[in-house]
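The values are calculated or read from the model by the stated rules, or taken from the named source; none is laboratory data. Everything numeric in this text was worked out from a predicted model, so none of it was measured. Reconstructed Cβ throughout: ideal geometry from the backbone, glycine too, with neighbour counts over all protein chains shown.
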Ligand SMILES: Cc1ncc(COP(=O)(O)O)c(C=O)c1O
């Protein structure tokens with residue numbers, strides 16, 4: 001064929017005819033509906049190791065020179081994924097802080113990809129941009145954050161927090177930090193403050209800002225893991241004395257390990273007194289400010305200069321969706337906006353590329369918007385309260401069980417340990433403590449591969465704890481009851497295998 005013939009009325013192998021698309025799509029939707037319908041009866045994971053997974057995939061195959069029929073390919077991908085994944089949507093998935101995707105969010109992602117608007121600018125995504133702005137306004141209403149500020153959807157909690165950090169840096173430097181960077185003659189050292197246990201995003205942030213990890217002041221906590229105000233004050237005073245600039249205080253609204261909430265209103269007062277940016281990391285817990293059963297102090301996030309929160313955690317959205325809110329509508333623009341000459345975008349509308357680090361932006365707002373609309377505020381508040389109630393019920397079940405030790409319980413996270421009944425009185429002894437740590441780590445491993453239930457871990461004062469977190473709208477009371485039994489069964493079996501003679 002001549003070039004002329006190839007290029008005129010061009011048809012590439014990437015095209016799928018509408019009829020064929022419909023057939024492939026219907027089949028895929030049927031497969032997904034089958035997964036949703038059978039989720040509870042399936043093992044949570046296939047438990048296959050890396051060699052098996054790589055074998056199934058044919059991981060070492062070179063890039064094929066010839067293409068594959070689209071229908072066959074989607075069937076292949078669907079079989080690989082539907083039968084060889086770990087399902088965080090399973091009702092007994094309690095690990096980390098990962099929600100199973102709300103079905104309407106799945107449909108939203110499909111529709112978003114079909115229209116494929118670029119939410120960098122209003123011109124390129126008129127409806128999409130307004131849906132994102134509306135979702136952000138609704139999120140503010142839900143958690144009590146004042147309207148009138150600014151907000152943007154991002155990939156997740158790490159980036160949502162970092163945007164707060166960059167906004168703080170732009171606001172708290174008395175030189176033009178975006179122009180001159182950090183190496184300015186006479187510039188004072190910027191310092192950030194957060195409790196020991198603050199999520200690791202802060203280390204990435206100071207690293208990327210060229211401030212270095214030494215600019216973080218890790219503040220001691222009380223026995224529950226809440227930041228100690230006296231210790232915070234002392235650290236700030238010490239920095240001020242040597243000419244440092246306290247740039248930002250981080251309050252956590254649901255810590256990653258135990259879900260504990262810092263005294264947010266008191267942190268606001270301190271920041272007001274000293275003119276410091278107050279940021280709340282609510283990646284996990286901020287949505288719970290809408291729930292009546294959450295601690296009152298969580299609602300102090302409404303007082304923050306910036307808040308990070310994650311729809312892909314406690315709003316049950318499919319990955320990825322994080323969100324940054326700022327009180328001052330100029331704060332994100334002041335940190336991020338550039339207006340290059342190659343963009344012909346109206347200036348009197350929202351152009352989200354100016355509000356963060358992404359230029360081209362996907363339509364993650366659609367799944368958020370759909371979930372908020374499908375639920376409505378009342379049903380959503382009820383679901384948050386139910387998740388919290390279930391974590392509390394699990395804590396009570398563990399506390400009543402002779403072989404489980406109930407540890408912390410905050411928001412929807414409970415930590416606990418398997419402790420053989422005859423060792424319960426001896427857990428303070430060094431060798432017993434070390435054995436219990438090893439035993440519980442193995443319990444976690446066994447659960448992780450067993451496919452009955454999935455938990456993650458926390459380390460509390462040197463003790464290796466199992467950690468269950470409920471941001472899962474499919475989990476019911478029967479599942480938390482089962483988790484206790486599954487943990488005890490695994491603990492008993494492993495104890496019988498592992499217990500050293502000296503501890504028998
Ligand atoms: C308190 C807190 N901050 C930040 C993050 C990071 O969020 P993401 O994993 O969505 O980046 C997490 C994740 O669990 C978290 O719990």
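Within region 295-307, being touching a residue at least 12 places away in the same chain (Cβ under 8 Å) and within 19 Å of residue 146 (Cβ to Cβ) holds for 297, 298, 299, 300, 301, 302, 303, 304, 305, 306, 307.
Given the criteria away from the ligand (no atom under 16 Å from the Cβ) and part of a helix (DSSP H, G or I), does residue 231 qualify? The answer is yes for residue 231.
Of the listed requirements (1) modelled with pLDDT of 95 or more; (2) touching a strand residue (DSSP E or B) at 6+ places or on another chain (Cβ under 7 Å); (3) on the phi < 0 side of the Ramachandran plot; (4) surrounded by fewer than 20 Cβ atoms within 10 Å (Cβ to Cβ), residue 192 misses just one: (4). Checking the structure you have, find out if any residue of region 157-168 is within 21 Å of residue 270 (Cα to Cα), surrounded by fewer than 18 Cβ atoms within 10 Å (Cβ to Cβ) and away from the ligand (no atom under 16 Å from the Cβ). No, that holds for no residue. For region 59-75, the condition of being within 19 Å of residue 101 (Cβ to Cβ) and free of Cβ contacts under 8 Å to residues at least 24 places away in the same chain holds for none of the residues. Assessment of region 313-324 against the conditions (within 14 Å of the ligand (Cβ to nearest atom), in a helix (DSSP H, G or I), at pLDDT 95 or above and under 17 Å from residue 281 (Cα atoms)) yields at least one matching residue.
Kindly check whether there is at least one residue in region 471-490 that is surrounded by fewer than 13 Cβ atoms within 10 Å (Cβ to Cβ), touching a residue at least 24 places away in the same chain (Cβ under 8 Å) and within 20 Å of residue 423 (Cα to Cα). No - not one qualifying residue is present in region 471-490.
A single entry from 239, 272 fulfils the requirement of being more than 14 Å from the ligand (Cβ to nearest atom), surrounded by fewer than 16 Cβ atoms within 10 Å (Cβ to Cβ) and either at pLDDT 95 or above or farther than 24 Å from residue 313 by Cα (or both): 272. Residue 210 fails exactly one of the following numbered conditions: (1) touching a residue at least 24 places away in the same chain (Cβ under 8 Å); (2) within 16 Å of the ligand (Cβ to nearest atom); (3) over 19 Å from residue 275 (Cα atoms). What is the number of that condition? It is condition (2) that residue 210 fails.
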